[in-house]
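Worksheet: the structure to be examined is printed underneath.
The values are calculated or read from the model by the stated rules, or taken from the named source; none is laboratory data. Keep in mind that this is a model prediction, so the values were computed, not measured. Here Cβ is always computed from backbone atoms with ideal geometry, including for glycine, and neighbour counts include all displayed protein chains. SASA here: full protein model, heavy atoms, side chains in, ligands and nucleic acids out. Shrake-Rupley method; radii C 1.70, N 1.55, O 1.52, S 1.80 Å.
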Amino acid sequence: MSKTLVAFFSASGVTKKVAEALAKVAGADAFEIVPEVLYTADDLNYMNTESRSTVEMKDLNCRPAVCCKVADMSQYDTVLLGFPVWWGREPSVVDTFIDENDLSGKKVIPFCTSGSGDCAGATERITALCKDSTVVAGFRLLADVSEEDLKNCVAALNI
């Protein structure tokens with residue numbers, strides 16, 4: 001039987017709520033991607049060109065340090081990778097997670113929490129970063145997604 005991990009980064013708590021509900025419905029383990037230095041409201045001010053998040057997102061090679069890695073990634077066949085959409089893609093801290101955890105041979109399924117954006121840009125970047133994985137087209141979940149919708153999502157993903 002395959003084992004699934006829902007790995008997620010959440011800056012405001014929205015993605016965390018959705019990811020934990022998704023993990024529960026999928027019978028998956030959950031792992032929160034936590035940056036070593038947490039983001040403050042000032043760091044997340046996208047209107048400020050000098051804010052931490054803006055500076056990080058302008059540098060495609062930026063890899064903010066994270067607190068920890070998954071203890072045993074080899075036990076998972078599928079990784080659902082969740083995040084808010086920042087500047088049309090996944091936050092750089094998610095790229096750190098990808099670089100620091102061996103996703104080779106795994107099915108990687110990006111999902112984002114966004115009121116308006118989708119995962120297209122993120123899926124393209126994640127596919128490039130996960131060269132030895134099978135990356136499935138990403139999908140978007142709203143903050144108020146229902147348990148029924150999550151069950152339908154899991155069934156459609158065949159996990």
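For the stretch 112-159, the set of residues classified as of a type in the set (D, E, K, R) and in contact with a Lys or Arg (Cβ under 6 Å, 6 or more places away or on another chain) consists of D118, R125, listed by residue number. None of R140, R125 is touching a strand residue (DSSP E or B) at 6+ places or on another chain (Cβ under 7 Å), open to solvent by 80 Å² or more (accessible area, probe 1.4 Å) and not in a loop (DSSP other than H, G, I, E, B) except R140. Residues that are open to solvent by 10 Å² or more (accessible area, probe 1.4 Å), over 17 Å from C153 (Cβ atoms) and acidic (D, E) within the stretch 95-122 comprise D99, E100, D102, listed in sequence order.
Within the stretch 143-159, work out how many residues are in a helix (DSSP H, G or I) and open to solvent by 40 Å² or more (accessible area, probe 1.4 Å). Qualifying residue count for the region: 7. The condition of being closer than 25 Å to G115 by Cα, small (G, A, S) and outside any helix (DSSP H, G or I) holds for only one of A19, A71, A7, that being A7. Of all residues in the stretch 88-111, those that are of a type in the set (S, T, Y) have Cβ atoms under 6 Å from Cβ atoms of residues that are surrounded by fewer than 23 Cβ atoms within 10 Å (Cβ to Cβ) and not in a strand (DSSP E or B), 6 or more apart or on another chain, in S92/E56; S92/C62; S92/P64; T96/R63; T96/P64; S104/D132. For the stretch 33-41, does any single residue satisfy the condition of being crowded, with 21+ Cβ neighbours inside 10 Å and either touching a residue at least 40 places away in the same chain (Cβ under 8 Å) or closer than 16 Å to C130 by Cβ (or both)? Scanning the stretch 33-41, I find at least one residue that is crowded, with 21+ Cβ neighbours inside 10 Å and either touching a residue at least 40 places away in the same chain (Cβ under 8 Å) or closer than 16 Å to C130 by Cβ (or both), so the answer is yes. With respect to the conditions (1) at pLDDT below 95; (2) farther than 16 Å from Y39 by Cβ; (3) out of contact with any Phe, Trp or Tyr (no Cβ under 8 Å at 6 or more places or on another chain), L141 falls short on a single one, namely (3). Within the stretch 46-58, the residues that satisfy the criterion of being charged (D, E, K, R) and under 27 Å from F139 (Cβ atoms) are E56, K58. Looking only at residues of the stretch 1-26 that are of a type in the set (G, A, S) and at pLDDT below 95, we find that the one that is farthest from P91 (Cα to Cα) is S2.
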